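Report on the structure given below.
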Amino acid sequence: MPMPADLPKRILIGRALRSDKLGETLLSKRIALPVFASDALSSVAYAPEEILLTLSIAGASAIHFSWQIGVVVAIVMLAVVASYRQNVHAYPSGGGDYEVATVNHGPNSGLVVASALMVDYVLTVAVSTTSGVANVVSAVPALRGHEMLLSVVLVVVLMGMNLRGVRESGSAFAVPTYAFMVGVIGMVGYGVIRHYAFGQDMPAESSAFHLEATPGNDSLAGFAMVFLLLKAFSSGCAALTGVEAISNGVPAFRKPKSKNAATTLLLMASIAVVMFMGIIWLARLTGVQMAEEPAEQLVGAGAGYHQKTALAQISEAVFSNFTPGFYFIAAVTGLILVLAANTAFNGFPVLGSILAQDRYLPRQLHTRGDRLAFSNGIILLAGVAILFIVAFNADPTRLIQLYIVGVFVSFNMSQSGMIRHWTRHLKTETDPKQRAHMQRSRAINAFGLVMTMAVLIVVLVTKITHAWVAIALMVVLFVMMKAIRRHYDRVSAELVAAEEPDDVVLPTRVHAVVLVSKLHKPALRALAYARLARAHTLEAVTVNVDPVDTAALRAEWDERGIEVPLKVLDSPYREITGPVLDYVKNLRRSSPRDVVSVYIPEYVVGHWYEHLLHNQSALRLKGRLLFKPGVMVTSVPWQLESSERRKSQKEWSAPGAVRRGEPRHRPTAGASAASGTPGADGSNGNDTTAPHA
């Protein structure tokens with residue numbers, strides 16, 4: 001029976017899963033496609049719009065270049081997907097681009113890729129949710145003005161769903177993802193039928209307006225026009241975001257893992273290209289016009305005109321004689337754009353776990369939660385994504401500008417790493433069939449490298465005014481991960497055991513000090529426990545904060561005939577921690593080779609609010625004493641009745657009690673906690689009975 005405090009958690013994320021159930025969370029291709037490809041598939045909802053928005057700078061004369069740019073983007077996408085099919089076979093462990101770069105270029109290159117991917121994953125969540133909200137607002141204008149709140153709420157909902165586990169979240173997201181595919185492909189097919197079979201016109205809402213160039217760009221030609229086309233191409237390459245997610249998620253597939261991952265990649269690319277080119281074709285057919293500044297560029301629109309998204313205008317035109325189709329497209333587009341963030345919620349925690357295992361991120365990110373998901377990574381991703389949404393006012397266009405830099409940095413490092421991988425293996429491989437396969441794979445990766453490098457150069461040249469933010473974030477992450485690794489390496493070197501037992505210098509003596517404030521049961525237990533340890537010297541110490549209380553303690557001490565000597569420390573300013581620290585330091589100074597063992601009796605309460613009713617001297621003392629060399633601190637807990645009841649409830653409930661490290665049997669009286677560790681019931685024992693409660 002779960003405790004009342006645990007019920008909300010169990011309702012939200014479900015019951016805890018045993019570690020041996022991990023195999024049951026593996027995904028079939030049918031579920032893996034919406035889990036890992038939703039980002040790439042959803043990108044087709046806004047990538048064509050980004051092309052049109054960029055071309056609008058030059059006015060209506062540049063719009064006809066949209067389909068040529070779309071073809072080039074589709075070619076790049078197919079080249080990248082073909083390259084990643086080689087990756088999943090060569091590196092199926094789930095490290096993806098990070099592993100490829102680390103193995104073939106070294107740790108620093110791996111960290112560059114890791115920092116790029118982490119920025120990309122955060123922006124995936126921010127861009128997907130804000131774009132989804134923008135599409136919904138286009139269909140439901142009453143929601144206008146609440147975009148930021150809606151985006152933040154959606155991120156929290158996605159976080160909660162992913163905390164339930166990969167399989168459950170994938171099953172929940174499968175229906176909207178497939179509905180989006182059916183909706184967009186159905187819309188393209190319906191448009192083909194209306195146009196070619198019935199000869200019907202399908203004008204978009206904005207086709208009646210005249211698109212003018214932005215001021216100062218009405219006569220772009222030569223280099224300026226080439227630059228604009230390159231910028232539009234780089235904006236359209238947002239359609240490639242998320243392609244790498246499958247290579248990072250190979251371990252989540254059912255066996256044969258690599259084959260299933262490669263098949264899913266091919267399915268994703270085929271569907272995405274059809275949808276992407278279909279939307280661009282419909283945009284040209286319906287005459288959709290998008291403007292960076294609608295009020296100034298769209299002549300005839302009027303001052304109060306609100307520009308809908310390109311996909312919303314297209315679906316409204318195609319389904320002008322079938323209104324439910326328009327609302328269906330609006331609904332599934334909003335859903336898929338929001339759920340595309342699920343790709344990041346699957347990729348970021350796995351990458352964080354690998355980096356934590358390599359000691360580049362805090363070790364907490366390597367731990368699986370109750371539902372066998374990397375819960376800490378999921379929560380961290382959601383928190384940072386919300387910061388981006390708030391900082392950029394939930395504006396998807398501004399966020400997209402930061403987006404594809406990290407994607408193509410990782411693409412380039414991965415493809416060049418794969419070329420090195422095949423070249424290294426070709427030096428030792430003698431089988432003609434295997435050599436032919438490796439040479440073909442290397443050629444595919446080389447073509448992919450040429451494509452992605454060209455895109456990265458274009459992105460850096462055309463978007464540097466926005467891209468610098470993403471680059472700066474990557475640099476910060478790189479430096480941070482290097483610093484974390486140095487810390488862990490330094491700690492490991494410091495803690496490594498000596499090879500020879502003779503190198504270990506044992507203390508000559510142990511001085512035991514028991515801190516007391518009054519003679520009650522916790523203090524007597526601490527004294528008894530300290531005597532059991534058989535230190536060379538043992539004394540009790542109290543701080544004279546109130547002379548009356550101190551005199552009463554002395555009198556009771558003598559009356560009971562306690563053999564342990566009582567030492568009284570003066571404190572003219574009624575401070576407890578300072579006199580104790582000074583006394584311990586003096587003991588260490590007088591005998592540097594001796595160890596001082598400090599015993600602190602403390603209460604253990606059962607409820608968080610009870611901590612507020614007691615002082616925090618134990619926590620302060622332990623926090624200060626732990627930094628003193630040669631000083632050992634032992635907490636001697638005294639469980640109050642409320643903690644005993646709470647412990648009984650925990651032992652009654654808990655399929656996860658043993659997994660979380662809780663004892664199967666109730667500890668015996670007098671058990672102690674190690675320095676700074678929780679009390680016997682799992683609380684942190686912040687209250688103390690010593691030296692003066």
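The values are calculated or read from the model by the stated rules, or taken from the named source; none is laboratory data. Predicted, not measured: the structure shown is a model, and the values here were computed from it. Cβ atoms come from the backbone with ideal geometry, glycine included; neighbour counts cover every protein chain shown. Please note that ligands, DNA and RNA were not included when accessible areas were found on the heavy atoms of the full protein model with its side chains. Shrake-Rupley method; radii C 1.70, N 1.55, O 1.52, S 1.80 Å.
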Filter result for residue 106 (open to solvent by less than 60 Å² (accessible area, probe 1.4 Å) and free of Cβ contacts under 8 Å to residues at least 24 places away in the same chain): yes
Single residue of 242, 189, 199 found to be on the phi > 0 side of the Ramachandran plot, without any contact (Cβ under 8 Å) to a residue 24 or more places away in the chain and open to solvent by less than 70 Å² (accessible area, probe 1.4 Å): 199
Qualifying positions in the range 291-318 - on the phi > 0 side of the Ramachandran plot and open to solvent by less than 50 Å² (accessible area, probe 1.4 Å): 302
Hits in the range 270-290 - residues which are crowded, with 23+ Cβ neighbours inside 10 Å and either closer than 20 Å to residue 238 by Cβ or of a type outside the set (Val, Ile, Thr) (or both): 272, 275, 276, 279, 280, 282, 283, 288, 289, 290
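A quick yes/no check of all residues on (1) among the aliphatic types (A, V, I, L, M); (2) under 25 Å from residue 176 (Cα atoms); (3) within 9 Å of the chain's Cα centre (by Cα):
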{"site": "335", "(1), (2), (3)": "yes, yes, no"}
{"site": "338", "(1), (2), (3)": "yes, yes, no"}
{"site": "358", "(1), (2), (3)": "no, no, no"}
{"site": "388", "(1), (2), (3)": "no, no, no"}
{"site": "398", "(1), (2), (3)": "no, no, no"}
{"site": "413", "(1), (2), (3)": "yes, no, no"}
One residue from 450, 475 being β-branched (Val, Ile, Thr), under 30 Å from residue 381 (Cα atoms) and in a helix (DSSP H, G or I): 475
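Take residue 366 and decide whether it is within 13 Å of the chain's Cα centre (by Cα), open to solvent by 10 Å² or more (accessible area, probe 1.4 Å) and over 30 Å from residue 232 (Cβ atoms). Give the derivation first.
Values: within 13 Å of the chain's Cα centre (by Cα): yes; open to solvent by 10 Å² or more (accessible area, probe 1.4 Å): yes; over 30 Å from residue 232 (Cβ atoms): yes.
Judged against the criteria, residue 366 is a match.
I'd like to check which helices (runs of 4 or more DSSP H) are fully inside the range 537-649 and have at least 3 residues that are modelled with pLDDT of 90 or more and open to solvent by 40 Å² or more (accessible area, probe 1.4 Å). Break it down into steps so the answer makes sense when it comes.
Working: elements: 547-560, 577-590, 608-611, 617-625.
Answer list for the range 537-649: 547-560, 577-590.
Given the condition open to solvent by less than 10 Å² (accessible area, probe 1.4 Å), small (Gly, Ala, Ser), in contact (Cβ under 8 Å) with a residue 24 or more places away in the chain and at negative phi, answer yes or no: does some residue in the range 212-219 qualify?
Checking the range 212-219: not a single residue is open to solvent by less than 10 Å² (accessible area, probe 1.4 Å), small (Gly, Ala, Ser), in contact (Cβ under 8 Å) with a residue 24 or more places away in the chain and at negative phi.
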Filtered residues of the range 432-456 (kept if under 19 Å from residue 91 (Cβ atoms), of a type in the set (A, V, I, L, M, F, W, C) and exposed (fewer than 15 other Cβ atoms within 10 Å of the Cβ)): 443
Close pairs from the range 319-339: first over 15 Å from residue 309 (Cβ atoms) and open to solvent by 10 Å² or more (accessible area, probe 1.4 Å), partner modelled with pLDDT under 90 and in a helix (DSSP H, G or I), Cβ under 7 Å, at least 6 apart: 339/38; 339/173; 339/176; 339/177
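Out of everything in the range 380-395 that is in a helix (DSSP H, G or I) and touching a Leu at 6+ places or on another chain (Cβ under 9 Å), what residue ends up being surrounded by the most Cβ atoms within 10 Å (Cβ to Cβ)? Walk me through it before giving the result.
So the first thing to find is which residues in the range 380-395 are in a helix (DSSP H, G or I), and the list is 380-391.
Then drop every residue that is not touching a Leu at 6+ places or on another chain (Cβ under 9 Å), which leaves 380, 382, 385, 388-389.
Working: 380: 21, 382: 25, 385: 29, 388: 21, 389: 27.
The extreme case among them is 385.
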Enumeration of residues in the range 514-572 that are acidic (Asp, Glu) and within 24 Å of residue 595 (Cβ to Cβ): 539, 563
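Just checking, which of 384, 338, 350, 299 is farther than 19 Å from residue 185 by Cα, touching a strand residue (DSSP E or B) at 6+ places or on another chain (Cβ under 6 Å) and not basic (Lys, Arg)?
Result: 299 is the single residue among 384, 338, 350, 299 that is farther than 19 Å from residue 185 by Cα, touching a strand residue (DSSP E or B) at 6+ places or on another chain (Cβ under 6 Å) and not basic (Lys, Arg).
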Filter result for the condition that a residue is crowded, with 19+ Cβ neighbours inside 10 Å, of a type outside the set (A, V, I, L, M, F, W, C), modelled with pLDDT of 90 or more and over 23 Å from the mean Cα position of the chain (by Cα), over 66, 56: 66
Only listed residue being among the aliphatic types (A, V, I, L, M), in contact with a Ser or Thr (Cβ under 7 Å, 6 or more places away or on another chain) and touching a residue at least 24 places away in the same chain (Cβ under 8 Å), chosen from 101, 126, 47: 101
Meets criteria (at pLDDT 90 or above, within 26 Å of residue 254 (Cβ to Cβ) and open to solvent by less than 70 Å² (accessible area, probe 1.4 Å)) for residue 181: yes
Residue match in the range 135-146 (condition: touching a Phe, Trp or Tyr at 6+ places or on another chain (Cβ under 8 Å) and in contact (Cβ under 8 Å) with a residue 60 or more places away in the chain): yes
Per-region count, the range 77-103, residues open to solvent by 30 Å² or more (accessible area, probe 1.4 Å), in contact with a helix residue (DSSP H, G or I) (Cβ under 6 Å, 6 or more places away or on another chain) and in a loop (DSSP other than H, G, I, E, B): 1
Inter-residue pairs, beta-carbon under 9 Å, first without any contact (Cβ under 8 Å) to a residue 60 or more places away in the chain and in the range 465-493, second open to solvent by 40 Å² or more (accessible area, probe 1.4 Å), 6+ apart: 487/359; 492/359
Elements of type helices (runs of 4 or more DSSP H) contained in the range 245-324, each with 1 or more residues being more than 36 Å from the chain's Cα centre (by Cα) and among the acidic types (Asp, Glu): 294-297, 310-318
